[in-house]
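The values are calculated or read from the model by the stated rules, or taken from the named source; none is laboratory data. Small disclaimer: the values here were computed from a predicted structure and weren't measured. Note that each Cβ is placed from the backbone with ideal geometry, even for glycine, and that neighbours are counted across all protein chains shown. Quick note on the areas: whole protein, heavy atoms, side chains included, nothing else; ligands and nucleic acids left out. Shrake-Rupley method; radii C 1.70, N 1.55, O 1.52, S 1.80 Å.
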Amino acid sequence: LRIGARNERVMVVAAPEPIAVTGRMVRAGSPKIDDMYVRADEPLATADHAWFHEYVHTRQEYETSPRVAWLDDGSAEYYGAWLAYESGFIPSTAFYQYVRTDRNADAILSDASRADGPASYFKGMRVLAAADAEIRAGSGGTATLQDVMASVNRHDDAVTLDVLAAAMDETADGQYSTWLER
């Protein structure tokens, strides 16, 4: 995963029962050191890959504005599935079926009151899958969403919709503000 924001250390715990939550990533203490746990019995051969989802969170060094809070879990969910596919845990058909979900299709991602809800995961993932396709097409295949995420990770202030659109514009030589707003 080439999005920058590498850590000096990531401690991973395979949590035994009675842990009920699938996984968590914690940024506590020193920067560049993250801790994550995943329920020990979480499967590997699935697009809903908790191990990779939590790992992606360890690679997110940006802060978002409330309207873009969905980017955290949306990108973790998208790249969790993508890494499961790229690593050979799932076939391409499983990856595409997962990211094409219509779950939470009517949700409005910029609604800050639902930033931690399932829409951030599923509609956010779908928007980022579409953005990746747009970026690949707009750049003639020379850039991907990873390039955008690397730019976002380098951004010093809160990531807004305008910052995300500018990163997409710069990466794929396009005009993505209207596309993202829609």
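Yes/no matrix, rows are residues, columns are (1) under 25 Å from S177 (Cα atoms); (2) assigned to a helix (DSSP H, G or I); (3) touching a Leu at 6+ places or on another chain (Cβ under 6 Å); (4) not aromatic (F, W, Y):
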| position | (1), (2), (3), (4) |
| --- | --- |
| E42 | no, no, no, yes |
| H53 | no, yes, no, yes |
| E61 | yes, no, no, yes |
| D72 | yes, yes, no, yes |
| G88 | no, no, no, yes |
| T93 | no, yes, no, yes |
| Y96 | no, yes, no, no |
| N104 | yes, no, no, yes |
Notebook entry, point to check: What number goes with the only condition from (1) over 25 Å from M36 (Cβ atoms); (2) open to solvent by 30 Å² or more (accessible area, probe 1.4 Å) that R126 does not pass?
Noted result: (1)
Notebook entry, point to check: Is it fair to say N7 is under 16 Å from G124 (Cβ atoms) and either at pLDDT below 85 or not aliphatic (A, V, I, L, M) (or both)?
Noted result: no
Note to self: If I go through the range 42-54 residue by residue, how many of them are without any contact (Cβ under 8 Å) to a residue 24 or more places away in the chain and among the charged types (D, E, K, R)?
What the structure shows: 1
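For every residue, the table says whether it meets (1) within 15 Å of the chain's Cα centre (by Cα); (2) open to solvent by 60 Å² or more (accessible area, probe 1.4 Å); (3) in contact (Cβ under 8 Å) with a residue 60 or more places away in the chain.
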residue: G140; (1), (2), (3): no, yes, no
residue: A150; (1), (2), (3): yes, no, yes
residue: A166; (1), (2), (3): no, no, no
residue: T178; (1), (2), (3): no, yes, no
Notebook entry, point to check: Within the range 61-76, restricting attention to residues that are surrounded by 24 or more Cβ atoms within 10 Å (Cβ to Cβ) and closer than 17 Å to D156 by Cβ, which residue is farthest from the chain's Cα centre (by Cα)?
Noted result: V68
Next item on the list: Test each condition in (1) touching a strand residue (DSSP E or B) at 6+ places or on another chain (Cβ under 8 Å); (2) under 21 Å from G124 (Cα atoms); (3) at pLDDT below 90 for K32 and report the one that comes out false.
Entry: (2)
Notebook entry, point to check: Could you say which residue among V68, V26 is among the hydrophobic types (A, V, I, L, M, F, W, C) and modelled with pLDDT of 80 or more?
Noted result: V68
Margin query: I'm trying to understand the selection: among the residues of the range 1-23, which are in a loop (DSSP other than H, G, I, E, B) and closer than 23 Å to A81 by Cβ?
Written below: L1, R2, I3, G4, A5, R6, N7, I19, A20, V21, T22
Notebook entry, point to check: Of (1) crowded, with 18+ Cβ neighbours inside 10 Å; (2) at pLDDT 90 or above; (3) over 17 Å from S110 (Cβ atoms), T171 satisfies all except one. Which?
Noted result: (2)
Note to self: So for the range 101-118 (the condition being modelled with pLDDT under 95 and within 15 Å of L1 (Cα to Cα)), does at least one residue qualify?
What the structure shows: no
Item checked: Residue list for the range 124-135, restricted to those being within 16 Å of A47 (Cβ to Cβ) and of a type in the set (D, E, K, R) -> R126, D132
